[in-house]
Amino acid sequence: MRKIIAAVVAALSVLLSANLSAETRYSIADDIYIYLHSGPGTEFRILGSISAGLEVTPTGNSQGDYVEITDTKERTGWIKRSQLSETESFRVALPRLNQEVSELTTQLDDAKTTNDSLNLQVQQLQQELDGIYDKHQQEMVQLKQQLKTTQADNDRLITENGEMQKQEMWQWLKQGGIIALVGVILGLIVAYLPRPTRKAKHHGGWVSR
């Protein structure tokens, strides 16, 4: 009977040891402080203590409720299986989390700086666009004023040109009228002038008729 029990215990030990992989990272549970024994039980010599949260590596050997592990000080001994935890301990996780928080904070600060720089560039571009728009508006107002002035000058020149043409035409009419009047007067004068008498040639000279 004892041989059967021993065989069953040995088989269970093999099965349990198979579940503890040396490749898996284990740590001592955070809420306990344990002693490392030289064998699978409290009756074996104490090799030292292991603080909560420290990483340990199973060797693959187990017996009953105990497993053999190697700690960070390269000590090999036995502890209870219930004292192992596959969850990352706070002692290891806290520095890593603090580092991650620090890195994320740095990234956030960099992103904020970049965002502030982009906002400043956007504001500068907006100011430049506003300046260009205002300048364009001023130029448009000036061009409209110049166009209005040019149109007024053009209308004035057209009016003056028309007046000059009228005056020239009137001058031509006046000159033509004067010339015609002078011609009429000269014609009348010539018509009323006495005609000269002819002289007949007589013996020895001309004789007036």
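Is there a residue in the range 111-121 that is more than 15 Å from the chain's Cα centre (by Cα) and free of Cβ contacts under 8 Å to residues at least 12 places away in the same chain? Break it down into steps so the answer makes sense when it comes.
Step one: list which residues in the range 111-121 are more than 15 Å from the chain's Cα centre (by Cα), which gives none.
Among the residues of the range 111-121, not one is more than 15 Å from the chain's Cα centre (by Cα) and free of Cβ contacts under 8 Å to residues at least 12 places away in the same chain, which makes the answer no.
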State all residues of the range 40-57 that are assigned to a loop (DSSP other than H, G, I, E, B) and either at pLDDT below 90 or surrounded by fewer than 14 Cβ atoms within 10 Å (Cβ to Cβ) (or both); if no residue qualifies, say none. G41, T42, E43, R45, S51, A52, G53, L54
Scan the range 67-89 and report the pairs whose first residue is without any contact (Cβ under 8 Å) to a residue 60 or more places away in the chain and over 12 Å from T57 (Cβ atoms) and whose second residue is small (G, A, S) and part of a strand (DSSP E or B), with Cβ atoms within less than 6 Å and a gap of 6+ or a chain change. S85/S27
At pLDDT below 90 and either of a type in the set (F, W, Y) or more than 30 Å from L54 (Cα to Cα) (or both): is that true of R91 in this structure? no
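Has the range 61-72 got any residue that is exposed (fewer than 10 other Cβ atoms within 10 Å of the Cβ) and in the same structural domain as R45 (by TED's automatic domain parsing)? Before the answer, list the steps.
Our first condition is that a residue be exposed (fewer than 10 other Cβ atoms within 10 Å of the Cβ); within the range 61-72, this holds for none.
Taking every residue of the range 61-72 in turn, none turns out to be exposed (fewer than 10 other Cβ atoms within 10 Å of the Cβ) and in the same structural domain as R45 (by TED's automatic domain parsing).
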Just the residues that are modelled with pLDDT of 90 or more and either in a loop (DSSP other than H, G, I, E, B) or within 60 Å of the chain's Cα centre (by Cα) (or both), please, taken from the range 61-72. G64, D65, I69, T70
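The values are calculated or read from the model by the stated rules, or taken from the named source; none is laboratory data. A quick note: this is a predicted structure, and the numbers were derived from the prediction, not measured. Cβ: placed from backbone, ideal geometry, glycine included. Neighbour counts: every protein chain shown.
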